[in-house]
Amino acid sequence: HAASDARYRLFEHGIVLANPGRSPYVFELAKCAPGKVFRRIRATPLQDTQANSGEPVGPVVTLGPMEGLFLLETAR
């Protein structure tokens, strides 16, 4: 089928992004969660510190194939 399998789900203090597909997918956070600002969670040293850097994310997040990402909502 031609549609993407990418999904997102809003929670009380964040959002989860998932791309189970075989191609990268671009999430436009302004469309997914209008007016909300997000940051990455902060990893411990034994986790993926690049993906989970604690840094703010911009209005667009690209996930590679078969990737997922938890983001925390921050105050504006």
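The values are calculated or read from the model by the stated rules, or taken from the named source; none is laboratory data. All values derive from a computational prediction rather than experimental measurement. Cβ: placed from backbone, ideal geometry, glycine included. Neighbour counts: every protein chain shown. These area figures cover heavy atoms from the full protein model, side chains too; ligands, DNA and RNA do not enter into them. Shrake-Rupley method; radii C 1.70, N 1.55, O 1.52, S 1.80 Å.
Hey, among the residues in region 1-32 that are closer than 20 Å to Ala75 by Cα and over 11 Å from the mean Cα position of the chain (by Cα), which one's surrounded by the fewest Cβ atoms within 10 Å (Cβ to Cβ)? Looking at the filtered set, the residue picked out is Glu12. Screening region 40-59 for residues that are part of a strand (DSSP E or B) and open to solvent by less than 80 Å² (accessible area, probe 1.4 Å) and picking the one that is nearest to Leu17 (Cα to Cα) gives Arg40.
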